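Remarks on the structure that follows.
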Amino acid sequence: MTTPGSIAGMEIRAIAVFMLRHIGDTLLSTPAFRALRAAFPPARVLAVVNEGTQQMLEGNPDIDEILVFHRRRRDEGGFGRWREEAALVRSLRSTHPDLAVNLTEGDRGAILSFLSGARFRVGVAPNRRGFLGKEMLFTHLCPRPSLYRHAVMRDLDVVAAAGIPPADLRLRFYFTDRDREKAARMLREAGIAPEQPFAVVQPTSRWTFKCWTEDGMAGVVSHLAGRGIVPVVTSGPAPGEVAQAERIRERAGGRAASLAGRLSLKELGAVIASARLFVGVDSAPMHISAAVGTPTVAIFGPTGAFNWAPWEGIDWGYTAERPAGTRFVGRHAVVQKETACIPCGQDGCEGTKKSRCVEEILLEEVSGAVDRVLAGVVS
Amino acid sequence: MTDRVTVLHTESSLGWGGQEQRTLRECLGIRELGIRPVVLCPPEAELGRRAASAGIEVFSCRMRSNFDLAAVRTVLRILREQAVDIVNTHSGRDSFLAGIAGRLSSLQPVVVRTRHLAMAITSRISYSWLPHRVVTVSRYVREYLVREGVPGERIVVVPTGIDVGKFAEDRAPGNLREELGLAPDALLVGSVSVLRRKKGHRFLLQAAPSILAEFPRTVFVIAGAGPQENNLRKTIRDLGLSGSVRMLGHREDVSNVLRSLDLFVLPTEEEALGTAFVEAMAAGVAVIGCRVGGVPEVVQEGETGLLVPPGDPAALGDAVRFLLADGERRRGMGAAGRRAVITRYSVEGMCKAMFDLYRSLLAERSGG
């Protein structure tokens with residue numbers, strides 16, 4: 001298992017990068033793409049991502065082509081699955097990559113890296129995870145990172161294993177003028193004048209175990225309104241999430257505008273980019289907020305803020321001894337209990353889909369973080 | 001985690017001045033030479049944001065006092081986790097915290113303290129006891145520290161280097177005259193620097209009437225932002241100079257502004273080195289400064305510019321008029337300044353000197 005030297009400076013004409021995870025993870029990989037582009041400016045960069053996550057990379061000048069992997073068709077099994085896999089490998093090989101980078105630790109990316117035909121193949125050392133001989137698929141191996149390393153740095157570590165240094169640690173998220181216009185129109189229709197300060201409140205996630213209480217969120221909405229900042233409640237398109245956002249708005253006495261379920265992620269990014277503040281749970285919109293540079297208050301439950309805190313390029317300082325807790329770094333804040341069981345890796349306490357560690361967060365903790373972030377005073 | 005040499009730069013100040021800019025330039029340059037730089041600063045420091053955007057790994061930590069034990073503990077953790085070989089400290093507080101941590105760490109990293117400023121030091125401990133070496137940005141600062149009792153053999157001078165190419169490669173004149181709607185034959189005299197009292201902008205304003213009497217086509221240009229902005233505006237009004245002084249505010253196109261000048265004048269009263277002069281010289285402009293701090297090391301009197309006593313508007317006015325009257329001498333000095341900067345104040349030269357220093361300190365450590 002030897003790792004040969006740096007490939008920086010070698011002739012690399014095409015690069016295939018595998019990022020087969022969720023929406024947020026895909027956005028957090030953008031600094032790795034930046035590093036690759038900076039190291040090999042003329043190389044053609046292909047990103048292979050799961051269906052539904054490609055919006056995080058669309059419009060990004062560090063990526064030339066996005067190949068979408070259709071998990072649904074794969075899950076149908078049988079002939080449909082084979083056809084999908086074979087087509088993917090064919091289109092992959094047709095780009096003739098010299099370098100394949102597997103940013104995820106799954107087997108699929110490892111196998112696809114190997115099948116891509118790339119001369120250099122970089123991935124994370126499996127350390128006896130995955131199938132036998134998995135490490136043989138790679139030419140460059142990144143040592144398994146510390147559990148407490150931020151997801152952005154983990155991706156950059158993989159690229160660095162091939163001798164390619166980071167070029168910019170910040171996230172990049174791009175939207176078009178049309179997204180911007182649509183966002184402005186939606187805000188106007190929601191009753192927000194162009195110069196009026198507003199904050200985006202994102203109370204929902206696909207995973208209910210990450211969600212704070214509806215009373216708490218309603219309290220934050222009232223707090224913002226009391227400070228003269230119009231709260232705008234947003235959510236994903238699922239009817240359950242929209243209903244949850246609507247209940248929170250009602251509990252706050254209707255003192256908020258709502259765009260819940262009505263925006264694409266790109267449009268949501270355009271809305272957040274013009275907001276004074278974002279308050280929300282650990283979710284893709286939270287990462288988008290950090291990426292567009294809007295001050296972000298992220299409410300964390302049992303998931304690792306050390307991996308997924310809103311990222312501005314600066315380490316959050318979580319350690320094995322203190323892996324959780326409220327922190328302020330740069331423009332952003334994490335609000336999290338310092339309970340001993342965080343991170344638990346469970347789907348809510350005892351499988352209830354609800355997490356006590358997030359439900360016990362007090363309104364004062366979140367509104368205090370909101371005030372501090374708004375004041376720009378983080379000391 | 002890596003077999004490369006790792007340098008941890010610590011900085012407790014939050015701002016973005018010459019000191020922080022030098023630190024970031026060193027990080028970037030030294031990375032080119034194969035050393036891995038990482039930065040530790042308070043979570044809201046501008047240096048952290050700038051370094052991260054340049055792809056340098058940044059750690060954050062509050063530094064509440066010189067003896068903040070929680071901060072010392074954080075530094076110790078970072079030294080261990082990042083396998084730090086060298087700690088380079090830059091301001092007072094971080095020099096204590098990281099100096100103490102460096103001396104406590106079982107990794108025994110080399111501790112270097114960079115002194116960027118000319119002002120009086122408040123404690124000798126962070127120069128004489130904690131670091132293995134002190135780096136100063138000029139001979140002047142070195143001599144000052146020696147007078148204060150810091151052992152001379154511990155102090156190395158590494159002058160601040162600038163990105164010479166950015167200033168020197170583009171030989172075309174700047175376009176400030178067009179931007180400001182000035183006549184093509186207007187004589188532009190001014191500076192680019194932070195607007196602080198010690199930079200002495202007011203002395204140039206006081207000398208302005210005598211200059212305008214002889215050279216009515218002179219326009220004074222003050223680029224930069226800072227605490228003195230309102231005071232300077234008031235002085236301009238009081239002296240009736242509103243028609244001949246332009247305050248430009250903060251400019252990102254420093255090279256363009258400098259290349260537009262006929263003469264760079266900054267009557268600064270205190271200066272560790274005077275990077276503003278280095279940049280002006282790189283842009284090929286003759287300079288006038290004061291005989292203070294490190295300025296005489298940068299400006300070769302009579303060759304690349306003129307020096308006058310500090311706080312003396314009459315002498316300053318004489319020097320400005322002398323050079324405005326002699327375009328050929330001015331251009332000769334500008335060209336000589338550019339040559340001097342290329343050989344003595346390039347960022348490559350600075351980083352090579354720091355690289356050599358680090359290597360020799362690491363060799364000493366493993367040898368001794």
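The values are calculated or read from the model by the stated rules, or taken from the named source; none is laboratory data. Keep in mind that this is a model prediction, so the values were computed, not measured. In this analysis, Cβ positions are derived from the backbone assuming ideal geometry, glycine residues included, and neighbour counts consider all displayed protein chains.
Miscellaneous remarks
- Which listed residue is under 22 Å from B:Met63 (Cα atoms) and over 18 Å from the mean Cα position of the chain (by Cα), from B:Val150, B:Val112, B:Val134: B:Val112
- Tally of residues being surrounded by 15 or more Cβ atoms within 10 Å (Cβ to Cβ) and not in a loop (DSSP other than H, G, I, E, B) across segment A:352-372: 12
Results for (1) in contact with a helix residue (DSSP H, G or I) (Cβ under 7 Å, 6 or more places away or on another chain); (2) part of a loop (DSSP other than H, G, I, E, B), shown as yes or no for each residue.
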residue: A:Val200; (1), (2): yes, no
residue: A:Arg206; (1), (2): no, yes
residue: A:Gly228; (1), (2): no, yes
residue: A:Glu246; (1), (2): no, no
residue: A:Phe306; (1), (2): no, no
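- One residue from A:Gly52, A:Gly80 being surrounded by fewer than 17 Cβ atoms within 10 Å (Cβ to Cβ) and not in a helix (DSSP H, G or I): A:Gly52
- Verdict on B:Arg124 being surrounded by fewer than 22 Cβ atoms within 10 Å (Cβ to Cβ), closer than 20 Å to B:Gly17 by Cα and either away from chain A (no Cβ under 13 Å) or touching a strand residue (DSSP E or B) at 6+ places or on another chain (Cβ under 8 Å) (or both): no
- Residue within segment A:140-155 that is under 28 Å from A:Pro323 (Cβ atoms), touching a strand residue (DSSP E or B) at 6+ places or on another chain (Cβ under 8 Å), away from chain B (no Cβ under 14 Å) and not β-branched (Val, Ile, Thr) present: no
- Failed item in (1) over 15 Å from B:Val189 (Cβ atoms); (2) buried (at least 20 other Cβ atoms within 10 Å of the Cβ); (3) not charged (D, E, K, R), with B:Leu357 passing the rest: (2)
- Per the listing B:Gly293, B:Gly317, the residue uniquely more than 16 Å from B:Leu188 (Cα to Cα) and at pLDDT 95 or above is B:Gly293.
- Of the residues making up segment B:20-42, none is among the small types (Gly, Ala, Ser), more than 20 Å from A:Val159 (Cα to Cα), more than 9 Å from chain A (Cβ to nearest Cβ) and not in a helix (DSSP H, G or I).
- Odd one out for B:Ser138, checked against (1) surrounded by 19 or more Cβ atoms within 10 Å (Cβ to Cβ); (2) without any contact (Cβ under 8 Å) to a residue 60 or more places away in the chain: (2)
- Sub-6 Å Cβ pairs linking a first residue in segment B:28-42 that is free of Cβ contacts under 8 Å to residues at least 60 places away in the same chain to a second residue that is of a type outside the set (A, V, I, L, M) and assigned to a strand (DSSP E or B), at least 6 apart or interchain, are B:Arg31/B:Pro37; B:Arg36/B:Thr6; B:Val38/B:Glu57; B:Val39/B:His9; B:Leu40/B:Thr10; B:Leu40/B:Phe59, ordered by first then second residue.
- Checking each residue in segment B:57-73 for being at the interface with chain A (Cβ under 9 Å from one of its Cβ atoms) and either modelled with pLDDT of 95 or more or closer than 23 Å to A:Pro165 by Cβ (or both) picks out B:Glu57, B:Val58, B:Phe59, B:Ser60.
- So B:Arg73, is it more than 24 Å from the chain's Cα centre (by Cα) and surrounded by fewer than 19 Cβ atoms within 10 Å (Cβ to Cβ): yes
- Of the criteria (1) at pLDDT 95 or above; (2) part of a strand (DSSP E or B), which one A:Ala275 fails: (2)
- Count - residues of segment A:109-134 that are part of a loop (DSSP other than H, G, I, E, B) and either hydroxyl-bearing (Ser, Thr, Tyr) or without any contact (Cβ under 8 Å) to a residue 40 or more places away in the chain (or both): 11
- Yes/no for A:Ile361 being hydrophobic (A, V, I, L, M, F, W, C) and over 27 Å from A:Ala252 (Cβ atoms): no
- Checked across segment A:182-195, the condition of being within 14 Å of chain B (Cβ to nearest Cβ), at pLDDT 95 or above and buried (at least 19 other Cβ atoms within 10 Å of the Cβ) holds for no residue.
- Restricting the search to helices (runs of 4 or more DSSP H) fully inside segment B:49-167 and requiring at least 3 residues that are hydrophobic (A, V, I, L, M, F, W, C) and farther than 23 Å from B:Ile30 by Cβ gives B:69-81, B:92-104.
- Residue that is surrounded by the most Cβ atoms within 10 Å (Cβ to Cβ), among those in segment A:305-324 that are farther than 13 Å from A:Val152 by Cβ and of a type outside the set (A, V, I, L, M): A:Tyr318
- Matching residues in segment B:20-34 - criterion: being modelled with pLDDT under 95 and buried (at least 20 other Cβ atoms within 10 Å of the Cβ): none
- In segment B:274-289, the condition of being over 23 Å from B:Leu323 (Cα atoms), at pLDDT below 95 and assigned by TED's automatic domain parsing to the domain that holds B:Gly337 is met by no residue.
- Annotation: of all residues in segment A:1-46 being of a type in the set (A, V, I, L, M), within 16 Å of A:Val152 (Cβ to Cβ) and under 16 Å from the mean Cα position of the chain (by Cα), the one that is nearest to the other protein chains (Cβ to nearest Cβ) is A:Ala32.
- Single match in A:Gly59, A:Gly80, A:Gly106 (criterion: free of Cβ contacts under 8 Å to residues at least 40 places away in the same chain and not acidic (Asp, Glu)): A:Gly80
- Any hit, segment B:195-208, residues being surrounded by 22 or more Cβ atoms within 10 Å (Cβ to Cβ), basic (Lys, Arg), modelled with pLDDT of 95 or more and assigned by TED's automatic domain parsing to the domain that holds B:Phe322: yes
- Condition check for A:Val158: under 13 Å from A:Ala35 (Cβ atoms), more than 11 Å from chain B (Cβ to nearest Cβ), within 21 Å of the chain's Cα centre (by Cα) and among the hydrophobic types (A, V, I, L, M, F, W, C): yes
- Single residue of segment A:312-351 satisfying the filter (assigned to a loop (DSSP other than H, G, I, E, B), over 17 Å from A:Val281 (Cα atoms) and without any contact (Cβ under 8 Å) to a residue 24 or more places away in the chain) that is nearest to the other protein chains (Cβ to nearest Cβ): A:Gly317
- Single residue of A:Ala375, A:Ala340 found to be surrounded by fewer than 16 Cβ atoms within 10 Å (Cβ to Cβ), modelled with pLDDT of 90 or more and out of contact with any Asp or Glu (no Cβ under 9 Å at 6 or more places or on another chain): A:Ala375
- Residue in segment B:301-310 that is part of a helix (DSSP H, G or I), out of contact with any strand residue (DSSP E or B) (no Cβ under 6 Å at 6 or more places or on another chain) and surrounded by 15 or more Cβ atoms within 10 Å (Cβ to Cβ) present: no
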